[in-house]
Number of protein chains: 2
Amino acid sequence: MDNFSPMPRPEVHEAFLKEVVELMFKNVVFTTRRDKVLLWQTPEQLEEHFDFQLKQTGETHDKLIGILKNTIKFSVKTGHPYFINQLFSGLDPYGLAAQWLTDSLNASVYTYEVAPVFTLMEKQVIKEVCRMIGPQWEDGLFCPGGSFANGIAVNLARFRRYPDVKSHGASHLPRLIVLASEECHYSIYKFAAFLGIGENNVCRVLTDDIGRIVPSDMEKKIAENIEQGAVPIMAVATLGTTVRGAFDPINEIAEICKKHNMWLHIDAAWGGGLIFSQKHRAKLNGIERANSLVVNPHKLLAVPQQCSLLLVKDPKILLECYSRGAEYLFQKDKHYDRSYDLGDKYLQCGRKCDVFKFWFMWKAKGSSGFANHIDTLMDVAEYFEQQVNNRPEFLLVSERQYMNVCFWYLPRYLRSKTNILENGSQLHKVAPQIRAFMIKCGSVMLGYQPLKGLPNFFRFVSQNSALTRTDVDFILDHIQEIGDALFQ
Amino acid sequence: MDNFSPMPRPEVHEAFLKEVVELMFKNVVFTTRRDKVLLWQTPEQLEEHFDFQLKQTGETHDKLIGILKNTIKFSVKTGHPYFINQLFSGLDPYGLAAQWLTDSLNASVYTYEVAPVFTLMEKQVIKEVCRMIGPQWEDGLFCPGGSFANGIAVNLARFRRYPDVKSHGASHLPRLIVLASEECHYSIYKFAAFLGIGENNVCRVLTDDIGRIVPSDMEKKIAENIEQGAVPIMAVATLGTTVRGAFDPINEIAEICKKHNMWLHIDAAWGGGLIFSQKHRAKLNGIERANSLVVNPHKLLAVPQQCSLLLVKDPKILLECYSRGAEYLFQKDKHYDRSYDLGDKYLQCGRKCDVFKFWFMWKAKGSSGFANHIDTLMDVAEYFEQQVNNRPEFLLVSERQYMNVCFWYLPRYLRSKTNILENGSQLHKVAPQIRAFMIKCGSVMLGYQPLKGLPNFFRFVSQNSALTRTDVDFILDHIQEIGDALFQ
């Protein structure tokens, strides 16, 4: 009896796979507030408790089940309501079902013939999302994450200005400039470096006191760069910055782009999901003026990892910029319309199917389900901000614009001070210590970071609409309790 | 009762999820030879039979189950033994179990604290694979596909020669040249364009009659490019080319790279899995001399989509080239050793966990399980080639070196000809027609393509070690039967 061939046989694998499913149902899928978010182990401890070694011979099914149990035991429960650590959280049951099936079908979405259903789903989702952005929007790509999608957009901006960069490279071009908020996502820098533009040529535009680009500073920096002989090719406006959730003023930036013939890219990886909410859609007003836009359904909409969309207005540019026409995949003498072979406009070749989970969640909940999800999240964020403002133990870093609530816990000795930030070096140490404590007891995972010289602060952010006001009270009480004990 | 929050509740979702699982067990996981590989529909037909529309309101569980049934019905069964269309196939039960659990845990592998188990698994797998490559190999990345991994390597080559490209870009650099086989994967061109090197600066090195780089031609082209003022920075050697499965002569290419101070990258996306086979490992002799290497476990090893590794010899270069130190993820005051936060050396930020399925398959089968898998596949490929040679109805395109068997079916009127290729334009139309017939009846999915002016030929290639000699006989009989009927 072979155990190596990749074809499941009922008599060998059915009982095992059913046990795996049972384990998932029992220990992962239905996480509750009574479970810990994580069982913290240092890397050294985990190495001791978990057999990571890979060997010559395989293990029995019993041993493998034990390994899966341990994998679950020591992994973070990102679906837990108190996992409020990243721009993703929650575990959507419909998204999960679709992921399971995606894995069972194990497709690669490059040609219609290999992935017919998923190809048409991709076309449908891109069409619908484009329709929600604005008229003339038509085309897009599924990307393995928002960073990659931003990189694709930066390259489109360069290609539109200098189409021969595709064939001849950038060594004959002038120095190119990408303008972005000083609070933009770091992928803009990483991809500027990767593309041969250079991270120093990402020009940091100043932000105001709540984190939005100051348009006059963008104008000023464009002028300076032009004077130095560089060519500003694009501006990146962020809708929902990573830390503060700020929304850059799109219309003013769009005017600047128009004036200087610059590509306007909108990084709405985090904020873009708002297209589903009638109540909050206005935050995105002006997005239709952009040339490209990134939205990550795996963020606000809680679609499982990863689901990231790059959308473009020009319906031809993706194919022009990325096509290579590989003949072993995109044969010219196919028995169907080759325009359904989406792969040629992608930078990738083989590609995991990321559409199905999103399409299926949309089908299951309807657009209104996503809207309810968003509106609930926003209510909870608003309540969180109110509570921070109402409690003397906490201080808001800056006014909330979105889901992100940035705040400090104040040790007793700071609460009466009038200028708390004068004690910044002390305050800087507070959040990491409280967080380390929470992680060690596995109660709450809540992120912190410094920003623009401000001492470390917490960032509350959730994509799990099962979170309630009671949860908010618990989280703040919990931080306060730990803080009061640690900082007498 | 809300149906929008991304937290599964037993009373609402358990029955539904269990039905989904049952459906997968019944209709996908245990595909047999009696099933069709696909139920062919043109895009227009599929649009008619499948409700792709997205609406304002959600659907009932019953309706959703119907949708899942249709998704399965109209999707290609890539786990079917007669899906021999791509460089991936099969459905590994252990890989599948691990994927299901990966989805349930829904992690993003950038920091240790968010993905402790998966972080240590990544370190373990990279360490083991490096050990199998050679001494001094130490570091690597999981990538969302081989194309992306090749792109990362091209950028590393440029960065090693011109480290300030990261900060200052490529506009002050000379024209850079990447040398690769004229049969290399098209991702080299796509990423040369993307990186600002330019696809025209990928210099096509001639191949011999079985598809291997001719080293003397590489030498010649380096000299020509240098004379023109360009700088050859790297050579790409392919181990297992996409179409013919050719293995470039590494040692000779390594000597050339040494002489010209060029980075040697090995694209072993398809061939690299052979490190597991004692019997066939010798095909990879010399790989330890490279600077970087790509291997896709989702190809030869039949790990589920996607699993792609980029490995490097220099233990510092990934961090030097790609680090940005984003403070909201990689805080300097963490309560554990920050070197376990792998994300900073990645170009991506959020990242799907691709390690677990590979690690778990390795654990389940052991290295010897992968070896058996490979050796079985190679036996079947050898038998396929023999049969092609033994049967007058078929003609081998070029001698097999690996899993790929490239061959023509010959219509009767061509079988007696001495120089068949003089009738190339007729022969060119044969494979597409036979293939279209097989797809329409859903029996076999077998790829074809032209190459270097040769008329369209079939490429047999399988990663499903459940395939037997009897299957080979069936496939060839089947092609012959269709061909004989179509081309009297």
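The values are calculated or read from the model by the stated rules, or taken from the named source; none is laboratory data. Given the structure is predicted, the values throughout are model-derived calculations rather than measurements. Cβ coordinates were reconstructed from backbone atoms using ideal geometry, including for glycine residues, and neighbour counts include every protein chain displayed.
Tabulated data
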quantity	calculated
Test result for B:Lys345, under 15 Å from A:Ser147 (Cβ atoms) and either of a type in the set (Gly, Ala, Ser) or out of contact with any Lys or Arg (no Cβ under 7 Å at 6 or more places or on another chain) (or both)	yes
Evaluation of B:Leu318 against (1) more than 8 Å from every other protein chain (Cβ to nearest Cβ); (2) farther than 19 Å from B:Trp137 by Cα (one fails), failing number	(2)
Any hit, region B:337-350, residues being without any contact (Cβ under 8 Å) to a residue 12 or more places away in the chain, part of a helix (DSSP H, G or I) and surrounded by fewer than 19 Cβ atoms within 10 Å (Cβ to Cβ)	yes
Odd one out for B:His298 among (1) more than 14 Å from chain A (Cβ to nearest Cβ); (2) within 22 Å of A:Leu329 (Cβ to Cβ); (3) in contact with a Cys (Cβ under 8 Å, 6 or more places away or on another chain)	(1)
Tally of residues being surrounded by fewer than 23 Cβ atoms within 10 Å (Cβ to Cβ) and out of contact with any helix residue (DSSP H, G or I) (no Cβ under 7 Å at 6 or more places or on another chain) across region B:136-146	1
Filter result for A:Met361 (part of a helix (DSSP H, G or I) and surrounded by fewer than 24 Cβ atoms within 10 Å (Cβ to Cβ))	no
Answer from A:Leu17, A:Leu38, A:Leu54 - the residue that is on the phi < 0 side of the Ramachandran plot, touching a residue at least 12 places away in the same chain (Cβ under 8 Å) and not hydroxyl-bearing (Ser, Thr, Tyr)	A:Leu38
Which numbered condition B:Phe358 fails, given (1) closer than 30 Å to B:Gly140 by Cα; (2) modelled with pLDDT under 90	(2)
Residue list for region B:194-209, filter: of a type in the set (Val, Ile, Thr) and out of contact with any Phe, Trp or Tyr (no Cβ under 9 Å at 6 or more places or on another chain)	B:Val205, B:Thr207
Any hit, region A:162-169, residues being within 23 Å of B:Phe159 (Cβ to Cβ), in contact (Cβ under 8 Å) with a residue 24 or more places away in the chain and either of a type outside the set (Asp, Glu) or out of contact with any Asp or Glu (no Cβ under 6 Å at 6 or more places or on another chain) (or both)	yes
Matching entry among B:Asp379, B:Asp471, B:Asp375 (being part of a helix (DSSP H, G or I), touching a Pro at 6+ places or on another chain (Cβ under 6 Å), within 14 Å of chain A (Cβ to nearest Cβ) and within 27 Å of B:Gly79 (Cα to Cα))	B:Asp471
Complete set of residues in region A:40-51 that are at pLDDT 95 or above and surrounded by fewer than 17 Cβ atoms within 10 Å (Cβ to Cβ)	A:Thr42, A:Pro43, A:Glu44, A:Gln45, A:Glu47, A:Glu48, A:Asp51
Qualifying helices (runs of 4 or more DSSP H) (wholly inside region B:393-468; at least 3 residues being within 12 Å of chain A (Cβ to nearest Cβ) and surrounded by 15 or more Cβ atoms within 10 Å (Cβ to Cβ))	B:430-441
Residue satisfying all of: in region A:1-13; facing chain B (nearest Cβ under 7 Å) and not in a loop (DSSP other than H, G, I, E, B); farthest from A:Met445 (Cα to Cα) among these	A:Pro10
Residue in region A:7-17 that is modelled with pLDDT of 95 or more and farther than 24 Å from B:Ser89 by Cβ present	yes
Hey, B:Ser425 free of Cβ contacts under 8 Å to residues at least 60 places away in the same chain and either touching a Gly at 6+ places or on another chain (Cβ under 7 Å) or among the small types (Gly, Ala, Ser) (or both) or not	yes
Answer residue from region B:157-187, given it is among the aromatic types (Phe, Trp, Tyr) and either surrounded by 24 or more Cβ atoms within 10 Å (Cβ to Cβ) or within 9 Å of chain A (Cβ to nearest Cβ) (or both) and is farthest from the chain's Cα centre (by Cα) among those	B:Phe159
Candidates A:Ala153, A:Ala193, A:Ala149 - the one that is part of a helix (DSSP H, G or I), crowded, with 24+ Cβ neighbours inside 10 Å, of a type outside the set (Lys, Arg) and free of Cβ contacts under 8 Å to residues at least 12 places away in the same chain	A:Ala193
Of all residues in region A:457-485 being free of Cβ contacts under 8 Å to residues at least 60 places away in the same chain and either touching a strand residue (DSSP E or B) at 6+ places or on another chain (Cβ under 7 Å) or aliphatic (A, V, I, L, M) (or both), the one that is nearest to A:Met378 (Cα to Cα)	A:Phe458
Qualifying residue in region A:223-232 (condition: away from chain B (no Cβ under 13 Å), out of contact with any Ser or Thr (no Cβ under 7 Å at 6 or more places or on another chain) and acidic (Asp, Glu))	yes
Those residues of region A:196-220 which are assigned to a helix (DSSP H, G or I) and under 29 Å from B:Tyr346 (Cβ atoms), in sequence order	A:Glu199, A:Asn200, A:Asn201
Residues that are surrounded by fewer than 17 Cβ atoms within 10 Å (Cβ to Cβ) and within 25 Å of B:Gly151 (Cα to Cα), drawn from region B:315-336	B:Pro315, B:Lys316, B:Leu319, B:Glu320, B:Ser323, B:Gly325
Selection within region B:373-392 - in contact with a Gly (Cβ under 7 Å, 6 or more places away or on another chain) and surrounded by fewer than 18 Cβ atoms within 10 Å (Cβ to Cβ)	none
Region B:307-336, residues that are touching a Ser or Thr at 6+ places or on another chain (Cβ under 9 Å), of a type in the set (Ser, Thr, Tyr) and part of a loop (DSSP other than H, G, I, E, B)	B:Tyr328, B:Tyr336
Failed item, numbered, when A:Val205 is tested on (1) within 14 Å of chain B (Cβ to nearest Cβ); (2) touching a helix residue (DSSP H, G or I) at 6+ places or on another chain (Cβ under 6 Å); (3) buried (at least 24 other Cβ atoms within 10 Å of the Cβ)	(1)
